[in-house]
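Down below is the structure, laid out as structure tokens.
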Amino acid sequence: QVQLVESGGGLVQAGGSLRLSCAASGRTFSSYLMGWFRQAPGKEREFVATINWSGVTTYYADSVKGRFTISRDTTKNTLYLRMNSLKPEDTAVYYCAAGLPSVPTTAREYDYWGQGTQVTVSS
């Protein structure tokens, strides 16, 4: 089992920045591929970014590419999402996830999820 706890969400003006954190505990954090997803009201949960076990390989949704950066610190068992140049359309609950997905951009492929943290971007 892996337990995931997100933090760092909040209210920010358009153009601002936030850094989300996801603290992991339980089974070996470094064994899993990690991802960030988000879900806005009335919408499906969507892929944001993913990172492999070593932190070398990352992949982003087109909507966040160049603005968001995913990283992980295996010594601290923590996953991060640095979000710059935020837009109102980035408003959502952000979730971190862990697993061994065949398709890393698909939410149902992940085994473990955090409770989510709200990000609200005002215009």
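For Phe68, the residues 5 or more places off, or on other chains, whose built amide H falls under 5 Å of its own are Asn84.
Give, in whole angstrom and from largest to smallest, the semi-axes √(5λ) of the equivalent ellipsoid of region 42-104, with λ running over the eigenvalues of the Cα gyration tensor. Please report the intermediate quantities before stating the final value.
Working: eigenvalues 82, 41, 26 Å².
So the three semi-axes of region 42-104 are 20, 14, 11 Å.
Of all aspartates and glutamates in the structure, the ones whose alpha carbon falls short of 18 Å from that of Lys87, not counting any fewer than 8 places away in one chain, are Glu46, Asp62. Within the listed set Pro88, Pro101, Pro41, the Gaussian network model of the chain (springs between alpha-carbon atoms below 10 Å) gives the highest mean-square fluctuation for Pro41.
For the pair region 19-47 / region 87-121, the C-alpha centres are spaced 4 Å from each other. Would you look at the GNM of the chain, springs on alpha carbons closer than 10 Å, and say which of Thr28, Thr75, Thr50 moves the most? Looking only at Thr28, Thr75, Thr50, the largest GNM fluctuation is found for Thr75. Positive contributions from Lys and Arg (+1) and negative ones from Asp and Glu (-1), summed over other residues with Cβ under 11 Å from the Cβ of Val64, come out at +1. Rounded to whole numbers, the Karplus 3J(HN,Hα) couplings from phi for region 113-123 are 9, x, 8, x, 9, 7, 10, 10, 10, 8, 8 Hz, using 6.51 cos²θ - 1.76 cosθ + 1.60 with θ = phi - 60°, and x at Gly and Pro.
Remark on Tyr59: its backbone amide H falls under 5 Å from those of Thr50, a criterion applied only to residues 5 or more positions apart or on other chains, H modelled at 1.01 Å from N.
Longest exposed-loop-site-free stretch of the chain, with trypsin sites (Lys or Arg not before Pro), DSSP loop and at most 14 other Cβ within 10 Å? Provide the component values of the computation, followed by the final result.
Numbers: sites that count: Arg27, Lys43, Lys65, Lys76.
Here the longest segment lacking exposed loop sites spans 77-123.
We did not get these values from a lab; they are worked out from the coordinates using the rules stated. Quantities reported herein were computed from a predicted structural model and do not represent experimental measurements. Don't worry about glycine lacking a Cβ; one is built from the backbone with ideal geometry, like all the others, and counts go over all protein chains shown.
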